[in-house]
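Asker: Encoded as structure tokens, here's the structure I'll be asking about.
The values are calculated or read from the model by the stated rules, or taken from the named source; none is laboratory data. This is a predicted model, so every value here is computed, not measured. Every residue, glycine among them, receives a Cβ derived from its backbone with ideal geometry; neighbour counts consider all protein chains shown.
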Amino acid sequence: MLSKKIFDYTKEGRTVTCYRITNKTGASVEVLDYGGIIRSVLVPDREGKMTDVVIGFDRLSPYIKNRDAYYGAFVGRFANRIAGARFSIDGVDYEVEKNNGENHLHGGNGSFSERIGKVTDESDNSVTLTWESPDMDQGYPGALTVSVRYEFDDKNNLTLKYTGTADKRTLFSPTNHSYFNMNGPSRGFIGDNEIKIHANKFVPVDGDCIPTGSFATVKGALDMRRWTLLSDVFKKEDSDVNLQAGSGIDHSFAIKGYTGDGDIVRAAELYGANTGIRMSVCTNLPGIQVYSGNFIKDGLKGKLGQIYGRRSAICFETQYHPDSPNRSAFQSPVIEPGEKAVYTTVYSFDTPPKAVVLDGYTTNSGDISWEPLYKVCRAVIYDRTTPKDILKRVKGADAIITNKAVLTADIIKELDEKCRYVGLLSTGANAVDIEALREKGIALTNVPGYSTEDVAQLTFAFILELCQKVALHDDAVKRGEWTGSDDFSFTVSPITELAGTTLGIIGYGAIGSRVCEIARAFHMKVLVHSRSEKILPEGARFVTKNELLKKSDIITLHLPLSEETQHLIDADAISMMKDGAILINTARGPLLDEQAVADALNSGKLGGAGVDVLDKEPPSAGDPLLSAKNCLITPHIAWAAQAARIRLIEAVAKNLTAFFAGRKLNRLD
């Protein structure tokens, strides 16, 4: 619902109107037509109590008196600083106001942040303000029409859509300058908020906050890629040169995932532990200026008698990078004549559960996104976690997500009562004590089927390499053996044709059945041994384990590890196999008696083996398979294709969403 009321009057007697958008939950946003100021954002905390998370004032005069702080204001034409207050477009030099020392800041004094916008559109959940800026206004070329649409939906998403059109090439880099505190600005200090910035690069600056060069890798205090308590950042001020240059955080970060194609990506997050409120900032602009309120005046009286002071709130200004009109290394903020430039920033508010990922690196080393998980929880992601650090890292978490970091019965007994869920970044559940979880009433989920195609693919990569000897012949060619040969063709080892050979598949779930399909495409005969019989394709049949061992030329394992299946392939099993048979294991390492397999390879009883899993991972130097003859070993990579890992993260997020919605999905408890 959109309502409006008179907020105040300018010195000239013009009416300043406050527009309030209230959604179905009772949350609301207030916007002034003066400066497009966001005066308040009222959202529910974890108990449902409405909390105002932005700094603001009850009258117009404090906004005007403190205009150089831009409280809540719409800022443009160009947000941030322009060095020397000058720039060039098409060889023409332009000078703009020096309102920040020798530099230009936020469009200059008297720009949009100090003008009343005209309401050009209204709806139940939005209001649009429009400003007309004539040619050479504030020194900028071209007549510019700019609109800002403020939309607040029932999911507590505040969307700011900036639209600009000009009749000449000109600069257009708008932003909003609201100051946020997720614990409520009345607390007086932003240090108890946690921050996360989705950026690997930032823009180093000098003492005037002018870029000193191009991008640099985030480091020291400015490395906030993981959830970081802001007070811990400020503690580094005496030793961190970047904090000293900005008098705190006052830097532009290059948003990871920015495409330039209009895609809206996550830029930053802010969380207040006292309220449980998280704000996520998403945008299609390339940069985000993070400013930690370093120059908020102490003793500043705000809404409802609140007293603000230095670093009582923090800004997240989505925009082009500072001084980008003069920096070819940065994305250009210039728009073309008649072009309709549209930039979007979304501030989303929720009270998410906290989930700790103990060992995320193997799943995502940085080449894919955790975004599906970020959408449903406040994810704290560690690359690796040692056993002694597990309890410390999961303290206060609602959910734990692990792949190989082991949750023993002793660890599970010590978990907070708040923790009600464990999610596996895998199909197998070997890393957790399921009975201990059940005793404590903690839910457990896994992710079946995400890597079926990839495991089947690696299975045949092993089979083809062991039968075709591609690498062996490649090495021979590169050693010069083909160059020195008398014949146009030669072989260094026998090559096996798959058609007509017999493949034995032990375990016939999703992966085993996919391997069967591929084998039939190679015109192989297929024998299957499984706990339960299912419909098989033509050319495949179910047999006992002993018959499969005796008749198969190649045996591949696709079954879970249990007491019954541990060392399924031991010396006795190998003795029943054909001489020269090939063995493949992409399931679980302990399915093999490694010493027995190594002995069979070295004696020639087995013609070759391909294993992606070992009894101990990573293996010790003395693992018998490492030195065995004709043994191909890959480092547990069957699941690691990028597409599979993307599916894995999406599935983990769905499992977590289902749990907190009271639904059961992929439960093992």
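Asker: Among (1) surrounded by 19 or more Cβ atoms within 10 Å (Cβ to Cβ); (2) within 30 Å of THR25 (Cβ to Cβ); (3) free of Cβ contacts under 8 Å to residues at least 40 places away in the same chain, there is one condition LEU270 misses while meeting the rest; what is its number?
Answerer: (3)
Asker: I would also like to ask the following. Assigned by TED's automatic domain parsing to the domain that holds GLU439, under 24 Å from VAL406 (Cβ atoms) and either without any contact (Cβ under 8 Å) to a residue 40 or more places away in the chain or not basic (Lys, Arg) (or both): which single residue out of ALA621, ALA653 fits that description? Show your work before the answer.
Answerer: Values: ALA621 fails: assigned by TED's automatic domain parsing to the domain that holds GLU439.
Exactly one of ALA621, ALA653 is assigned by TED's automatic domain parsing to the domain that holds GLU439, under 24 Å from VAL406 (Cβ atoms) and either without any contact (Cβ under 8 Å) to a residue 40 or more places away in the chain or not basic (Lys, Arg) (or both), namely ALA653.
Asker: Collect the residues in region 435-445 that are in a helix (DSSP H, G or I) and buried (at least 21 other Cβ atoms within 10 Å of the Cβ), keeping them in residue-number order.
Answerer: Start the filter on region 435-445 by keeping residues that are in a helix (DSSP H, G or I), which leaves 435-440.
LEU437 - this is the single residue of region 435-445 that is in a helix (DSSP H, G or I) and buried (at least 21 other Cβ atoms within 10 Å of the Cβ).
Asker: List, please: which pairs have Cβ atoms under 9 Å, are six or more places apart or on different chains, and start with a residue in region 428-439 that is modelled with pLDDT of 95 or more and end with one that is among the charged types (D, E, K, R)?
Answerer: From region 428-439, the pairs are ASP433/ASP410; ILE434/ASP669; ALA436/ASP410; ALA436/LYS413; LEU437/ASP669; ARG438/ASP669; GLU439/LYS413.
Asker: Please list, ordered by first then second residue, the pairs with beta carbon atoms under 6 Å, 6 or more apart or interchain, first in region 134-162 and in a loop (DSSP other than H, G, I, E, B), second small (Gly, Ala, Ser).
Answerer: Between residues of region 134-162 that are in a loop (DSSP other than H, G, I, E, B) and residues that are small (Gly, Ala, Ser), the close pairs are PRO134/ALA143; ASP135/GLY142; ASP135/ALA143; GLY142/ALA166; ASN156/ALA27.
Asker: OK, next. Taking the options VAL515, VAL526, name whichever one is at pLDDT 95 or above, part of a helix (DSSP H, G or I) and either closer than 23 Å to LEU592 by Cα or in contact with a Gly (Cβ under 9 Å, 6 or more places away or on another chain) (or both). Walk me through how you get there before you give the answer.
Answerer: On the way: VAL526 fails: part of a helix (DSSP H, G or I).
Only one candidate qualifies: VAL515.
Asker: Next question, about the same structure. Return the residue satisfying two criteria in turn: it lies in region 446-472 and is farther than 23 Å from PRO590 by Cα and not charged (D, E, K, R), and of such residues it is surrounded by the most Cβ atoms within 10 Å (Cβ to Cβ).
Answerer: Initially, region 446-472 is screened for residues farther than 23 Å from PRO590 by Cα, giving 464-465, 467-472.
Subset that is not charged (D, E, K, R): 464, 467-468, 470-472.
Details: LEU464: 15, CYS467: 21, GLN468: 15, VAL470: 13, ALA471: 10, LEU472: 13.
Checking each candidate, the answer is CYS467.
Asker: Would you be able to say whether some residue in region 168-175 is β-branched (Val, Ile, Thr), outside any loop (DSSP other than H, G, I, E, B) and surrounded by 20 or more Cβ atoms within 10 Å (Cβ to Cβ)? Spell out how you get there, then give the answer.
Answerer: Residues of region 168-175 that are β-branched (Val, Ile, Thr), as a first pass: 170, 175.
With the extra rule that they be outside any loop (DSSP other than H, G, I, E, B), the set shrinks to 170, 175.
Cutting the leftovers down to surrounded by 20 or more Cβ atoms within 10 Å (Cβ to Cβ) gives us 170, 175.
Yes: one or more hits.
Asker: Moving to a separate point now. Only one of these conditions is not met by PRO560: (1) surrounded by fewer than 17 Cβ atoms within 10 Å (Cβ to Cβ); (2) in contact with a strand residue (DSSP E or B) (Cβ under 8 Å, 6 or more places away or on another chain); (3) not in a strand (DSSP E or B); (4) not small (Gly, Ala, Ser). Which number is it?
Answerer: (2)
Asker: Could you tell me whether any residue of region 514-524 is within 19 Å of LYS578 (Cα to Cα) and of a type in the set (Phe, Trp, Tyr)?
Answerer: No: zero hits.
Asker: Just the residues that are outside any strand (DSSP E or B) and in contact with a helix residue (DSSP H, G or I) (Cβ under 6 Å, 6 or more places away or on another chain), please, taken from region 1-48.
Answerer: First pass over region 1-48, keeping only residues outside any strand (DSSP E or B): 1, 10-14, 23-27, 33, 35-37, 45-48.
Matches in region 1-48: GLY35 only.
Asker: Which residues, taken from region 50-73, are over 30 Å from the mean Cα position of the chain (by Cα), among the aliphatic types (A, V, I, L, M) and more than 12 Å from TYR34 (Cβ to Cβ)?
Answerer: ALA69
Asker: Would region 278-299 turn up any residue that is in contact (Cβ under 8 Å) with a residue 60 or more places away in the chain, closer than 22 Å to GLY423 by Cβ, assigned by TED's automatic domain parsing to the domain that holds ALA254 and not charged (D, E, K, R)?
Answerer: So in region 278-299, the residues in contact (Cβ under 8 Å) with a residue 60 or more places away in the chain come out as 278-285, 287-290, 292-293, 295-297.
Going one step further and asking which of them are closer than 22 Å to GLY423 by Cβ, we end up with 278, 280.
Cutting the leftovers down to assigned by TED's automatic domain parsing to the domain that holds ALA254 gives us 278, 280.
Retained after the next criterion (residues that are not charged (D, E, K, R)): 280.
Yes - at least one qualifying residue is present in region 278-299.
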